[in-house]
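In what follows, a single structure is set out as structure tokens and then discussed.
The values are calculated or read from the model by the stated rules, or taken from the named source; none is laboratory data. What you are looking at is a predicted structure, and each value in this text was computed from that prediction instead of being measured. Glycine gets a Cβ as well: all are built from the backbone with ideal geometry, and neighbour counts include every protein chain shown. Note: accessible area is taken over every heavy atom of the protein model, side chains too, but ligands, DNA and RNA are not part of it. Shrake-Rupley method; radii C 1.70, N 1.55, O 1.52, S 1.80 Å.
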Amino acid sequence: MTTSLSPDQSAPKDAHADPAAPVLFFDSGVGGLSILEPARRLLPAMPVVYAADRAGFPYGTKSEAEIAARVPALLGRLVERYRPRIAVIACNTASTIALSAVRAALDIPVVGTVPAIKPAALSSKTRVIGVLGTEATVRQPYVDRLAAEHGADCLVLRHGSAALVSLAEAKLRGQPLDPDVARTALLGLIEQPGGDRLDRVVLACTHFPLVEEELRAAAREIGADSIQFLHGGDGIARRIAFLNGDHPWPDTPPPGIALFTRMDPDIEPLKPALTRYGLPRIDIL
Ligand code: DGL
């Protein structure tokens, strides 16, 4: 038996062909804006939903079990609500713990954010590289594998800093910043054995490129200004463009949406920064 649609029925909307289907960016907080920015630069017509899991923030001090239980289910709800064409987990903690579970749960392409150890190892002259992430990220086997695969001849030092995550959140709220936070985070790598030879630091938390200026100032102050900081934002932008293929973008992108998983007093002071990132509309889940 064959079936056909009667004239008053419309075919189900295919998110992959609809020019208005957004790209969904997901993080615990504002960190993913460091991933959104290069993606927008490359794909200016991209409709955007930026989801920040305020109700689960911060991820970096949580257990693997908590992240694994939370992230795939939450992304499932967001995909149902916004019908994105691609989901980007703009968070190293969630990606290094839950990327394969999210991919298994969703029927759209999922881009993860993993520490840029490969380019750091390729370019390091001293063969000592640092991975600065959340406490949860730096202890992941995923990071061990990247270090073994790409930096087998390097000393790969790691340090987790929750304070640097808070510094980035405070910066985007326009609050005064404590310069000690960036210095302490950097010293967490430099003061380890071999750390005096460090020449590359991988910013393995998406919040950290937002405070790269503060990290550079701290490096200068410590006398470690030969350190170069790396992160994966440009590579993720290219990956989104590749996965999108020839699916059309709208002629004029709609105003971006910032979605928060709970209403809280920190949202109001973030509004000017969200508008600068092209996210003037606020939704609450
Ligand atoms: N931005 C996140 C990351 O890339 C996590 C920050 C947090 O919630 O601790 O790891």
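Selection within the range 191-214: residues that are touching a residue at least 60 places away in the same chain (Cβ under 8 Å) and aliphatic (A, V, I, L, M). The member of this set that is surrounded by the fewest Cβ atoms within 10 Å (Cβ to Cβ) is LEU198. Taking (1) under 25 Å from LEU230 (Cβ atoms); (2) surrounded by fewer than 22 Cβ atoms within 10 Å (Cβ to Cβ); (3) of a type outside the set (A, V, I, L, M); (4) within 16 Å of the ligand (Cβ to nearest atom) in turn, LYS62 satisfies each apart from (1).
Pull up the range 138-161, narrow it to residues that are assigned to a loop (DSSP other than H, G, I, E, B) and within 22 Å of the chain's Cα centre (by Cα), then point me to the one that is surrounded by the most Cβ atoms within 10 Å (Cβ to Cβ).
Step one: of the range 138-161, the residues assigned to a loop (DSSP other than H, G, I, E, B) are 139-140, 151-154, 161.
Add one more test, that the residue is within 22 Å of the chain's Cα centre (by Cα), and what stays is 139-140, 161.
Details: ARG139: 15, GLN140: 22, SER161: 24.
Ranking the qualifying residues of the range 138-161, first place goes to SER161.
Taken over the range 264-285, the criterion of being outside any helix (DSSP H, G or I), within 21 Å of the chain's Cα centre (by Cα), in contact (Cβ under 8 Å) with a residue 40 or more places away in the chain and closer than 20 Å to LYS171 by Cα is satisfied by ASP266, TYR277, GLY278, LEU279. Within the option set LEU189, LEU177, being away from the ligand (no atom under 16 Å from the Cβ) and either part of a loop (DSSP other than H, G, I, E, B) or among the polar types (S, T, N, Q) (or both) holds for one residue only, LEU177. Contact map, the range 145-171: first residue more than 18 Å from VAL201 (Cβ to Cβ), second residue near the ligand (Cβ under 9 Å from one of its atoms) and open to solvent by less than 50 Å² (accessible area, probe 1.4 Å), Cβ cut-off under 7 Å, separation 6 or more or different chains; pairs are GLU169/GLY29; GLU169/VAL30. Looking across the range 163-174, the residues that are in a helix (DSSP H, G or I) and either of a type in the set (Val, Ile, Thr) or open to solvent by 40 Å² or more (accessible area, probe 1.4 Å) (or both) come down to ALA163, VAL165, SER166, LYS171.
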